[in-house]
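The values are calculated or read from the model by the stated rules, or taken from the named source; none is laboratory data. Note that the structure is predicted; figures quoted are calculated from it, not measured. Glycine gets a Cβ as well: all are built from the backbone with ideal geometry, and neighbour counts include every protein chain shown.
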Amino acid sequence: MLLLLSLAMCMFLSSLDGSILATALPTISSDLGGFKLLPWVLTLYMLTSTVVVPIVGKLSDMFGRRPFVISGVVVFLIGSLGAGLAPSMLTLIAARGVQGIGGGFILACVLVVMADMYTPRERAKYVGYILAIITAGTLLGPPVGGFFADGPGWRWCFFINIPIGAIALATIWTTLPNTRQGGRVWDIDFAGAAVLTTATVAGLLAAGWAYQAHGWGSAITVGLLVGAGVLLVLFVFLELRHPNAIIPMSLFRNRMYVITGVVALLSSAVLFSVPIYLPTFIQTSLGASAQTSGLLTMPQAIGLVVMSFIGGRIVSRTGRFKHLVVAGCALSGLSAFLLQTMGVGDPLWQVAIYMVIFGMGSGLVTPLINVIVQASVSQEETGVATSSQMYFRQIAGVIGVALFGVLLTTTYSSSFTANLDEEVQAAMPVAVFEELRDDATISIDAERMEEVRTTFLEAGGSQSLFERALGAQQEAAAVANQRLFLISAVGGLILVLASLALTEIPLRGKAPTPREEGEGEEQPATASASR
């Protein structure tokens, strides 16, 4: 139980880190500058945490879980310390990349350690404890992030990880044994992992740099996109030939695996960005504090937990899941559509209601997709099917956050320029115009806003004209977020159509029987034969 608690603390760190920054990001951007780099604070963490999962998972099978769990916590804490001390946005992004590596180690090992600790029947009971801890981190993250942003400072969003992680590390060090199955490092599909990682990075850089530096039609952007496509083709070729492929291509001949994959990828890429960028809309367009925006996003987690339990009970009693997945996709899309109807001055309580609806949809879709994937493949393929979809889902989330971040910043800049009336623009110094145009979060930093206002007034502008400029900024931020939410709503409609293609299949009524002792040594040959 002590080991279980320490593992739960690791997952708590991961879930807290994923939710605590959402409400603090506007303050971080305002303090460090670099508004257009803001998406990379989230994107790089997601990228690094995802790309290490397949390799670490394979290595832990050979050399034991203990060194990788301990290394993951240590690296995560080093990244947290670096992020908390970051003097610039670029330094913060680099530290987040280190954090992501440690988080990927933890993600790859913790649930596997639980599989080592418990039989399948026991595991169902204790995974519920982990789910409760993850939910607690998700619930506490937004208000805690808002509290730190408004009070002691956003850097405590990272410093808080250190004492929790240190306790977990000490407990794991003393309670987690190390077991090795043996194997050779060169048996791992490093080439496939490297090619897939490189392809993902190339595509992500193309999306992130297209507007900010080079443009969509530039040679650099086109070259990166073409390079990513070529590398993906090479990845498929390597996986078809490798005896221990990270992602067996035979899975893609399974219709249900493909359909659930489409639903999982679209939901991650299109809907995941809604709670990520919503606090920016709340603070810039609705004028709420960081702590208030955190409280307004909490209902999402409540709806998610409630509906995941309800959906799970319905499926366990009826064995049917399709109508629940369709309903979940519809609820998520409806929530995004309702959010895109909001504008400057709308009441804050609407956000809370819409996020409850969003959480209800996520609570039906996310857990059930995993159940369907595992039921649609053989027992020997359950692990690789689940991990491969998790990997692609994370990649889709990375790309979605990056593209939506570009959409948010570009739409805001163009909308601000278009909505600023000629009288205000004529009285506004170029430096003030560029600062307001390039950073929607400047309005939440009283010190920076006062500097901009002083510069504007000293150049001959009036207070009324400056307030009109701030009004144009609020409207531009609202328009940018409305466009983001509208695209998410369209994505929800596509998800409904995709989920209608699901087929009801028999779900295993009880946990699979554990492998007999000695069978694990033949697993590579068995997996190869099944392919």
Legend entry - Residue check for G82: over 24 Å from G400 (Cα atoms) and at pLDDT 80 or above: yes
Legend entry - Filtered residue count, segment 217-247, keeping only those that are closer than 12 Å to A191 by Cα and among the small types (G, A, S): 1
Inset, instruction - Taking the residues in segment 506-531 that are surrounded by 13 or more Cβ atoms within 10 Å (Cβ to Cβ) and of a type in the set (A, V, I, L, M, F, W, C) as candidates, determine which candidate is modelled with the highest pLDDT. - result: L507
Inset, instruction - Answer with yes or no whether A469 is modelled with pLDDT of 75 or more, under 30 Å from A336 (Cα atoms), surrounded by 18 or more Cβ atoms within 10 Å (Cβ to Cβ) and not β-branched (V, I, T). - result: yes
Legend entry - Residues satisfying the stated conditions in segment 288-302, i.e. within 18 Å of the chain's Cα centre (by Cα) and under 12 Å from G146 (Cα atoms): G294, T297, M298
Legend entry - Which numbered condition V371 fails, given (1) without any contact (Cβ under 8 Å) to a residue 60 or more places away in the chain; (2) assigned to a helix (DSSP H, G or I): (1)
Legend entry - Identity of the residue in segment 250-260, modelled with pLDDT of 85 or more and not hydroxyl-bearing (S, T, Y), that ends up surrounded by the fewest Cβ atoms within 10 Å (Cβ to Cβ): R253
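Could you go through segment 204-218 and let me know if any residue there is within 24 Å of the chain's Cα centre (by Cα), at pLDDT 80 or above and assigned to a helix (DSSP H, G or I).
The answer is no, given that none of the residues of segment 204-218 is within 24 Å of the chain's Cα centre (by Cα), at pLDDT 80 or above and assigned to a helix (DSSP H, G or I).
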Legend entry - Candidate set from segment 233-247 (those that are part of a helix (DSSP H, G or I) and among the β-branched types (V, I, T)); member that is surrounded by the fewest Cβ atoms within 10 Å (Cβ to Cβ): V233
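Each row is one residue, and each column tells you yes or no for (1) free of Cβ contacts under 8 Å to residues at least 24 places away in the same chain; (2) surrounded by 21 or more Cβ atoms within 10 Å (Cβ to Cβ).
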{"site": "G397", "(1), (2)": "no, yes"}
{"site": "P429", "(1), (2)": "no, no"}
{"site": "A440", "(1), (2)": "no, yes"}
{"site": "E447", "(1), (2)": "yes, no"}
Inset, instruction - Of the numbered conditions (1) buried (at least 21 other Cβ atoms within 10 Å of the Cβ); (2) farther than 17 Å from I276 by Cβ, L21 fails exactly one; give the number of that condition. - result: (2)
Inset, instruction - Evaluate segment 408-420: report whether one residue or more is surrounded by fewer than 18 Cβ atoms within 10 Å (Cβ to Cβ), in contact with a Phe, Trp or Tyr (Cβ under 7 Å, 6 or more places away or on another chain), at pLDDT 75 or above and of a type outside the set (G, A, S). - result: yes
Legend entry - Exclusive hit being touching a Leu at 6+ places or on another chain (Cβ under 6 Å) and either modelled with pLDDT under 80 or surrounded by fewer than 16 Cβ atoms within 10 Å (Cβ to Cβ) (or both), set V401, V384, V371: V401
